[in-house]
Structures are given as structure tokens and as C-alpha cells.
């Protein structure tokens, strides 16, 4: 059985090594699960975030790496059981010159600009907390958003708090700093949002097989050890096991 999974450049979840091999926490989880259900060949398709849902819906590939589950997205694709839970955070210049620690704090600074990847849930979260559209810059690629923070074009890049910590560590905390949003600071519910693999809604056989394997594998010692290599810990895993 040959299967194709789409991913984006977003460490620690997925990225392309110099030898063009895809790696990352979500890639490793997908490969482990797909091999367990009988996949003999797995193709990794690099794409942009805005193409993930249309691509799997059109049948260009079989599944997507995990992304946040929202009611709007469930109208387009079928989601697996959740595989992680994560809150948002900012990537800012070292020292956090504008003292940005939540969407609400950024909304109060009319001179502050926020970078978001096209189609990601952080856009709606920012707007719900009062950030105006003229404060928001949309990017197709994470690398462009990071460079915009470094250059001062924007003051913060919004993504998962975990992802931003990994980025700050790899780039250097003397250059960029990760700021985790405190629970409740944006007027949102404190329960962390879940992420899950997504599929074409007509591909129920693959969805059911993946779900069955995930239910037996998530939280196992092997799963925890594999995820720990990428900085994903019980903080991100346990909430989906207790749902």
C-alpha cells in the first residue's frame, strides 16, 4: 500500500532536511502509524498551509499532518482522533521591546504588527481578541514571517508556543525570544485546542484504520519517546488522552 501525506515547513512538527528527507514530530508519528497499518511506501509532499485542506479534499494526497480542529475545517475534511494539544505564543525580538504577551496586549498597541501564516487559526484568535486587520500581516511561509520579525517589519509572529520555543532555541535567544500566552489572557477558554490528522471525507477506510492504530499507540512508551526527541512532552500529549 502506497500512501502520500502532505506537510509544511514548521519545526518541530515537520521540515525538510538537506538531503530532502522529511522529518519532524508529526512526520514521525504519521510514518509510525501508517507502517503499522500496512503502508509499504510513504510519500511526503511538501506544500503550503493554505493548500493542505484543499489538497487532501481534492485527492492530491491521502492525509495531512496534524492541524488544529475547528468547526469550519470539519466541514471540509474528516479529522482523526486528536494527537496533541497546544496553546499559542509569540516569537518576538530579544527583550520583547513592545512587551507583547497575548493577542489582547498586542491589540492595545496600535503601533504593533502581528505576523500569521495564511489560513492558520491564530488569525481568528487574534481578531477575536481585538487585533485589527491593519495590524496583521499574512505570510505563506514560516521562514518569511521569522525574517519579518528579525527585520522589524512585524513585532510578533503567532504560532504554537511549543513551535516558537524550538525556533528561538535554534535561531538563538540573543536574537529572538518565545513568549507563551498565559491561560485566559485573551478572553478565550483555558482548555488547550487539539490537533489531528485530516483526510478526504470519502476516505473512511484509511481514517478508520489510522484511528484504530492511534487509539492503541498514543501515550505508549514508544510514542512518548519518539515525541520527546522533538520537544513534545506529556504537556502536549496527556490532554488528548484524558478527553
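The values are calculated or read from the model by the stated rules, or taken from the named source; none is laboratory data. Small disclaimer: the values here were computed from a predicted structure and weren't measured. Neighbour counts are summed over all protein chains in view; Cβ atoms, including those assigned to glycine, are modelled from backbone coordinates with ideal geometry.
Every condition in (1) exposed (fewer than 13 other Cβ atoms within 10 Å of the Cβ); (2) modelled with pLDDT of 95 or more; (3) not assigned by TED's automatic domain parsing to the domain that holds residue 122 holds for residue 134 except the one numbered (3). Quick check: anything in region 195-202 free of Cβ contacts under 8 Å to residues at least 40 places away in the same chain and touching a strand residue (DSSP E or B) at 6+ places or on another chain (Cβ under 7 Å)? No, region 195-202 has no match at all.
Among the residues of region 63-76, those that are farther than 23 Å from residue 191 by Cα and buried (at least 23 other Cβ atoms within 10 Å of the Cβ) comprise 63, 64. For region 33-54, residues that are surrounded by fewer than 17 Cβ atoms within 10 Å (Cβ to Cβ) and in a helix (DSSP H, G or I) total 4. Condition check for residue 10 on (1) touching a helix residue (DSSP H, G or I) at 6+ places or on another chain (Cβ under 6 Å); (2) at pLDDT 95 or above; (3) within 25 Å of residue 76 (Cα to Cα): one failure, at (2).
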